[in-house]
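Below you'll find the structure, written out as structure tokens, and then a few comments.
Quick note: the coordinates plus some simple rules give every number you see, no bench work behind them. Bear in mind that the values here come from a model prediction, so they are computed numbers and not experimental data. In this analysis, Cβ positions are derived from the backbone assuming ideal geometry, glycine residues included, and neighbour counts consider all displayed protein chains.
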Amino acid sequence: MSGQPDLGRADLVQMLAELTAKPTDQVPDRLGSMELAWLVHLVEQRFDRRLDLTDDQVAGVRTVDDALTVFRASLTAPADG
Amino acid sequence: MDDILLAGRDSDVCLRLPDPVDRGTLRRLVGEAQARLTGAGLRAGGAAALRLPPSLAYVAHLLATWRTGAQAVLLDHRLTDHEVDRALRRLTPQVVVAPVRSGGGALRVFVDVDAGVTAYSDRPAGSPHAVIQLSSGSTGPSKVIGRTAADLVAEVRRYTEIDGVARPGERIILLPSMVHVLGLVGGLLYGLHAGVELCPPERLSGDAVLAAIAAQDTPATVLGVPFHIGLLASTVPAGPLPQFARMTTGGELVPAAVARAFTDRYGVPLGNMYGMTEVGVIGTDLYGRNRPAIAPAPGIRVREQDGELWVSCPANPYVGLADPTRWADGWLHTRDAGVVDPETGLVTIRGRLDSQVSVGGLKVDLTEVEATVAGLPGVTAAVVVWDDGISAYVQTDGATTEETLDHLIAERLAGFKRPRTLHLLDQLPRTTTGKLVRSAPALRDAAT
């Protein structure tokens, strides 16, 4: 069973808005390592579980959409790895 | 070096990764690294370029380079091959140290690395400095900043005289990169000198930082940049953390709301430090009593000259650059706007007077980014501005796509220097005399 986690693009944009103190419609689409670390941190808090991402997964994330894809994949993986 | 940084009993723990590394082990690793470096051609008076992420291998090879009597050229591991090749051609180290294997997963603060040493040139170091660091440069290529061994030792000693730093037997939860001045001197070198254990969290998350604090009973100071304050402010601790002594950040000003959220949650002092690659720590406010002002560090003089802060700096820190507008007569012209209170001596920084910005505590000169983007194939003109983030407005030949530009930029600029927003325009706005418009609102309008 692997239903889609309750995590959408708007959630990530809202999290980035908190970090950058910008309105959501002005949040840049591109992510640096700091923004990605912030998103991982908040997604982990929200789902109360650790996202065990690999270096390759992180290296491939350039945009909010990339991050969403990686997070969803990690959240639908078995929790105990 | 052995006396200043590696003295102490064999059994004294100096690093927790999280397994403890004692001084006996570190001395052995430094000896082994020294043999590899000299075996590859490093000699006293030469230079070793370290292109390593924060790791035990980095620490060992840095100390081994100094023990050899050589200069360490510190290259941030996030720099691209393009940036590194340019630096190596300019600095011609005798050897380059780089990872041959990295492990441990993503978002690691400290990385598990096996380092390889390769010969690069047979030239002596280009300057008598013990360490060379690169700073994003206003003229395009990076500025080369050198610091002598005596200058580094003086800074380490300066830390020992500052009230509010971690004391011998305590711990520093180390978050900033040890390639840059805060993590290097305020973390690594001070910790080794003073007998403070350096404890990087297992990875970059709020939970991991709290776990690192809780891992031992001794008082812990979290050293980071403002981003890390936000990380902790948004983490709910599982229980009381009596070991949490304080948090100290450098790199940029802390927004008042973030500082308040942090102190409301943890109730420990939130300190602030002001420093520059060229001179190290300049001033501190480690109890958060003077926010946003700082008091000059012991032995450091700060003065205001026509709205710019000047800092005492006995020797020119720039290698191959004699620019009296940056350093002259023992004073470093910081390009920071600021004021010095004539009665208290407290210094308030009011922002930059040039095109340098801070991204997560790392300095980026927008001129370097703009020169790189403007020099890409298919780009006819570019303007890069700070608009709560690095924004690039690019005029292309019409055939170049955003994806192509993204790819080209990623080859040439480290991630932290890359524009977060990229706007392709048929025509960049210009003034009536034909100059490119640099106002962020005007550029935003032109892009919509």
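For the reader, a short list of remarks on this structure follows.
- Student exercise, region B:262-401 dipole from Lys, Arg, Asp, Glu Cβ charges, in Debye to nearest 20: 440
- Rounded to the nearest 20 debye, dipole of region B:218-321 from Cβ charges on Lys, Arg, Asp, Glu: 380
- Here region B:1-89 is treated with +1 on each Lys and Arg Cβ and -1 on each Asp and Glu Cβ, and its dipole about the Cα centre works out to around 180 debye.
- Most mobile of A:T24, A:T63, A:T54 in a GNM of chain A (Cα contacts under 10 Å): A:T54
- With each label modelled as a point 7 angstrom along the Cα→C-beta vector, the B:Y287-B:A211 pair spans 3.5 nm.
- Stretched out straight at 0.36 nm per residue, the stretch from B:A328 to B:R9 would grow longer than its current Cα-Cα span by 110.5 nm.
- If a spin label sat at a point 7 angstrom from the Cα of A:T20 along the line to its beta carbon, the backbone N atoms of region B:376-417 nearer than 15 Å would be those of B:385-393, B:416-417.
- Neighbour counts of other Cβ atoms within 10 Å put B:C14, B:C199 in the fewest-to-most order B:C14, B:C199.
- When B:M273, B:M247, B:M1 are sorted by how many other C-beta atoms sit within 10 angstrom of their C-beta, beginning with the fewest, the order is B:M1, B:M273, B:M247.
- Exposed loop positions in chain B were taken to be GluC sites (Glu not before Pro) whose DSSP state is not H, G, I, E or B and which have at most 16 other beta-carbon atoms within 10 angstrom. Between these positions, the longest stretch is B:162-342.
- Each of B:H407, B:M178, B:F262 was placed along the dipole of the protein assembly as shown (beta-carbon charges, centred on the mean Cα), and the one lying farthest toward the positive end is B:M178.
- Paramagnetic reach from B:A238 (point 7 Å along Cα→Cβ, amide N under 14 Å) across region B:211-232: B:211-216
- Fraction of antiparallel bridges per DSSP, region B:43-135 only, in percent to nearest 5: 45
- Helix A:9-20 and the longest principal axis of the C-alpha atoms of chain A enclose an angle of approximately 50°.
- For B:K143, the lysines whose Cα comes closer than 24 Å to its Cα, not counting residues fewer than 8 places off in the same chain, are B:K363, B:K417.
- Residues in region B:56-87 reached by a label modelled at B:A410 [backbone nitrogen below 17 Å; 7 Å Cα→Cβ]: B:78-83
- When the charge dipole of region B:272-411 is built from unit charges on Cβ atoms (+1 for Lys and Arg, -1 for Asp and Glu) and taken about the Cα centre, the candidate among B:I300, B:C313, B:V279 whose Cα reaches farthest toward its positive end is B:I300.
- Exercise: per-residue mean of other protein chain Cβ atoms within 10 Å, B:105-111: 5
- Distance (nanometres) between label positions extended 7 Å along Cα→Cβ at B:A447 and B:R123: 3.9
- A simple packing score, the average count of other Cβ atoms within 10 Å per residue, orders the peptides B:327-340, B:53-66 as B:53-66, B:327-340, with the highest score first.
- Potential lengthening between B:D112 and B:A440 on full extension [0.36 nm per residue; Cα-Cα distance subtracted]: 113.9 nm
- Cα-based helix-to-principal-axis angle, A:64-76 vs chain A, degrees rounded to 10: 20
- Shielding by partners - mean other protein chain Cβ count within 10 Å, residues of B:410-421: 3
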